[in-house]
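Written out below as C-alpha cells is the structure these notes cover.
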Amino acid sequence: MTRRFLFVLGSSRSDGNTEMLARAAAEQLPDDVEQVWIDLARHPLPDFEDLRHDSDHVRPEGDNRALLLDATLAATDIVIASPLYWYSVSAHVKRYLDHWSGWLRTPGLDFKEHMAGRTLWGVTALAHDEEEVAEPLVGTLNHSAAYLGMLPHCLKGVGGTPIGGVLLGNGSKPGDVLRDTAALTRAKTFFTVEPPFARFPYDREESAA
Ligand SMILES: Cc1cc2nc3c(=O)[nH]c(=O)nc-3n(C[C@H](O)[C@H](O)[C@H](O)COP(=O)(O)O)c2cc1C
C-alpha cells in the first residue's frame with residue numbers, strides 16, 4: 001500500500017519552529033511516499049458544534065472541513081505538527097481534533113473503522129528546556145490514537161517512561177529549532193521506527209500485570 005502522509009500544521013504563525021522540525025523529518029521520507037501539507041491557519045476550521053445527541057452530522061462539502069476530512073481519510077499517516085501552547089496542542093489543532101468527534105458520528109463515513117490502523121505522529125516545538133512539560137500534548141495525541149485504534153509512534157521517553165509519539169524540538173523564535181541539534185538528529189530517523197499500538201495507561205498497566 002502506498003503511504004500517504006498528511007502533515008497538519010497547527011501553528012498560529014507561518015514558517016515557525018514546528019514546521020521546520022516537521023520538514024526536517026519529512027525530508028527523510030522515501031520519494032514514493034506522498035506528502036500533503038495543510039496549514040490550519042490558512043485553512044481555518046469553524047468552531048465545532050456538538051450535534052452528537054441531537055441529530056446526525058452531515059458530511060461537509062466545499063469548505064475547509066471537507067478539505068481536512070478528505071485529506072484525513074486519504075492519509076495512511078497523520079502528522080500533527082503543533083507548537084506547544086499552554087502545555088498542550090494549539091487551538092487550531094484542538095479544533096481539528098474536535099471535528100473528528102463529528103466525523104465519528106457522520107453516517108456513511110465509518111470514521112473509526114477507517115482510522116484504525118492508520119498511524120498518528122506528533123511533532124512539536126516548545127520554548128521550555130525541560131521536555132516533560134509537553135506531557136499533556138503527548139497524552140492528548142496518545143489517548144486520541146488509543147481511542148481510535150491508531151498507532152502512535154514511540155520515539156523517546158518523557159520523564160523516563162516510554163510514551164507514544166512526539167518529536168520534540170526546542171525553540172522560541174522562528175529558526176531557533178535549527179540550533180537544536182539533538183532534535184534534528186532525532187528527526188532523521190523519526191519516521192523509520194515501527195510504531196506500536198497506542199494504549200491507554202490503564203491498558204498498559206493491565207498488560208504488565
Ligand atoms: C499562545 C502560546 C502559548 C505557548 N505556550 C507554551 C508552553 O506552554 N510551553 C512552552 O514551552 N512554550 C510555549 N510557547 C512557546 C512556543 O511553544 C514556542 O515559541 C514554539 O517555538 C512556537 O512554535 P512555532 O514557531 O512553530 O509557532 C507558547 C507560545 C504561544 C504563542
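The values are calculated or read from the model by the stated rules, or taken from the named source; none is laboratory data. Just so it is clear, the structure is predicted and the values come from calculations on it, not from any experiment. Note that each Cβ is placed from the backbone with ideal geometry, even for glycine, and that neighbours are counted across all protein chains shown.
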If we keep just the residues of the stretch 124-150 that are of a type in the set (Val, Ile, Thr) and within 9 Å of the ligand (Cβ to nearest atom), which is farthest from ARG179 (Cα to Cα)? VAL133
Can you name the residue in the stretch 58-88 that is crowded, with 19+ Cβ neighbours inside 10 Å and assigned to a loop (DSSP other than H, G, I, E, B) and is also farthest from the ligand (Cβ to nearest atom) among such residues? PRO60
Scan of the stretch 108-165 for residues that are part of a loop (DSSP other than H, G, I, E, B), charged (D, E, K, R) and modelled with pLDDT of 90 or more, ordered by number: ASP110, ASP129, GLU130
Going residue by residue through the stretch 20-31, is there one that turns out to be assigned to a helix (DSSP H, G or I) and more than 16 Å from the ligand (Cβ to nearest atom)? no
